[in-house]
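Okay, structure first, notes after.
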Amino acid sequence: MSINPDMAILRGGTDQRAAPARPQRVVIIGAGFGGLAVARELGNSVIDVTVIDRRNHNLFQPLLYQVATAALSPADISEPIRRSLGRYRNIKVMLAHVHGIDPVARTVLVDHGLPVPYDRLVIATGSEYNYFGHDDWRAAAPGLKTIHEARLIRQRLLLAFERAELSTDSEEKKALLTSVIIGGGPTGVEMAGAIAELGRFMITRDFRRLAPEDFRVLLLEAGPRILAAFPEKLTTYAATELKKMGVEVMTGERVEEVTRDRVVAGGRTILTGNVIWGAGVKASPAAGWLNIEGKAGGRIPVDADLRITGFADIFAIGDTALGLGEDGKPLPALAQVAKQQGQFLGQALRAELLDGRKPGAFHFHNRGNTAVIGRHAAIFDFGRWQLKGRLAWLLWAIVHVYLLVNFEKRLLVTIQWIWRYLTRQRGARLIDENVASVLPATTQPE
């Protein structure tokens, strides 16, 4: 007579069958370049993956300045995370703010819902702008990390031109047509060049009461030269090209005060209609979640395999992590670093959790560092050799189109860039009807 094993248990018997093994759980905090790369490498496996982000979309930050200067729309460089990862059935996406990590209980603490358990945790939360103790400047001088900030900059920039067109005071007109970019890194240089191109086009084509001589773009850098991470001959070329475009490059100028309509630097007061911050970044506050001290701008020290030092099951990548290159220097906070680390870590976790193989050391392969200055002007640093001018500009465009999240975005951006190149038109010069929140107090509508 056969015995039902379930009935045997009910009668006090013992079931000798092994319980099915629980899938290994990997939690990824952040869906930027690094976080998405890890998730994709773990996609369509038996590993249970959860991606947590405070926004529902990923964002191609290197082109965010083009949203701020009306060259592209936000949808051209962003995509819902659920769409990016939708084809992977083992990946769940959670929209939530992380406010802590419990490494003992192995859980991630979020702002709503139960703690999220993990077997392996990946922190890929990126960076934010560093105002060097002057966080009150943030409202007056937004940076370029989010779509909201890019749209705010675009709103203020376009509104300044509209207000200048209506103004009958010559000094007020000049102030409104003055844009100040603080920080001479790639973001500051790209913003300065893009604003110079946009402003001169709009004055000559669209505004009848504005004069080109009243339009100014100032790029302030506290250090001795702009683009300090690049070889000096490339920075000299960049500074020369910016000056040709009408950008006033001011080095050795430490900012002392920033308000909505005024910047004080080097003891001089500059009246302005638009202030943009690009003077430095710091890591996200992830180090505080683990009660450890961040190094070098809050970045979390990691071992060669990207594990956080002292934590066997927690990893950090991208701008959040302080990893060292083969020369012993910290890896730069670049998109290519985050993407390579994400691909490496995803493959390593897959091998460790499914096959029991321990990961090796991460090795960064430098694909070059680049910055665009303006039409036909860009620089590329490949380490042993450099490139500048029209060819570097073309290569910059090809690389950035290739790095976009999918074919649709690549096609849309390519078409718009070609059209813009041929016509110089900007297709996203829209001002929200609800402008009160971004107008200076002196120009609030009655």
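Some values worked out for this structure:
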| read-out | value |
| --- | --- |
| Members of region 318-348 found to be farther than 21 Å from Ser284 by Cβ and open to solvent by less than 60 Å² (accessible area, probe 1.4 Å), listed by number | Gly325, Gly328, Ala348 |
| Of all residues making up region 355-391, the number that are in a loop (DSSP other than H, G, I, E, B) and surrounded by 13 or more Cβ atoms within 10 Å (Cβ to Cβ) | 9 |
| Test: residue in region 74-86 that is exposed (fewer than 15 other Cβ atoms within 10 Å of the Cβ) and in contact with a Phe, Trp or Tyr (Cβ under 7 Å, 6 or more places away or on another chain) | no |
| Boolean, Gly342 is touching a helix residue (DSSP H, G or I) at 6+ places or on another chain (Cβ under 7 Å) and closer than 22 Å to Tyr129 by Cβ | no |
| Near pairs, Cβ below 7 angstrom, 6+ apart or cross-chain, from region 224-239 (of a type outside the set (A, V, I, L, M, F, W, C)) to any residue that is surrounded by fewer than 16 Cβ atoms within 10 Å (Cβ to Cβ) and part of a loop (DSSP other than H, G, I, E, B) | Pro224/Gly252 |
| Every residue from region 288-317 that is in contact with a helix residue (DSSP H, G or I) (Cβ under 8 Å, 6 or more places away or on another chain) and open to solvent by 10 Å² or more (accessible area, probe 1.4 Å) | Glu293, Gly294, Gly298, Arg299, Asp305 |
| Odd one out for Thr178 among (1) over 26 Å from Gly294 (Cβ atoms); (2) at pLDDT below 95 | (2) |
| Within region 405-419, tally of residues that are open to solvent by less than 50 Å² (accessible area, probe 1.4 Å) and either at pLDDT below 85 or over 21 Å from His376 (Cα atoms) (or both) | 3 |
| Residue match in region 158-180 (condition: in contact with a strand residue (DSSP E or B) (Cβ under 6 Å, 6 or more places away or on another chain), closer than 30 Å to Gly342 by Cα and surrounded by 22 or more Cβ atoms within 10 Å (Cβ to Cβ)) | no |
| Output for region 188-207, where each listed residue is free of Cβ contacts under 8 Å to residues at least 60 places away in the same chain, under 14 Å from Arg429 (Cβ atoms) and surrounded by 23 or more Cβ atoms within 10 Å (Cβ to Cβ) | Gly199 |
| For Thr259: the one exception among (1) in contact (Cβ under 8 Å) with a residue 12 or more places away in the chain; (2) open to solvent by 50 Å² or more (accessible area, probe 1.4 Å); (3) of a type in the set (S, T, N, Q) | (2) |
| Subset of region 290-336 [closer than 20 Å to Ala39 by Cα and of a type outside the set (A, V, I, L, M, F, W, C)] | Asp305, Arg307, Asp313, Gly318, Asp319, Thr320, Gln336 |
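The values are calculated or read from the model by the stated rules, or taken from the named source; none is laboratory data. Since this is a predicted model, take the numbers as computed values, not measurements. As a convention, Cβ positions derive from the backbone with ideal geometry for all residues, glycine included, and neighbour counts pool all protein chains shown. What goes into the accessible areas is simple: the full protein's heavy atoms, side chains included, and nothing from ligands, DNA or RNA. Shrake-Rupley method; radii C 1.70, N 1.55, O 1.52, S 1.80 Å.
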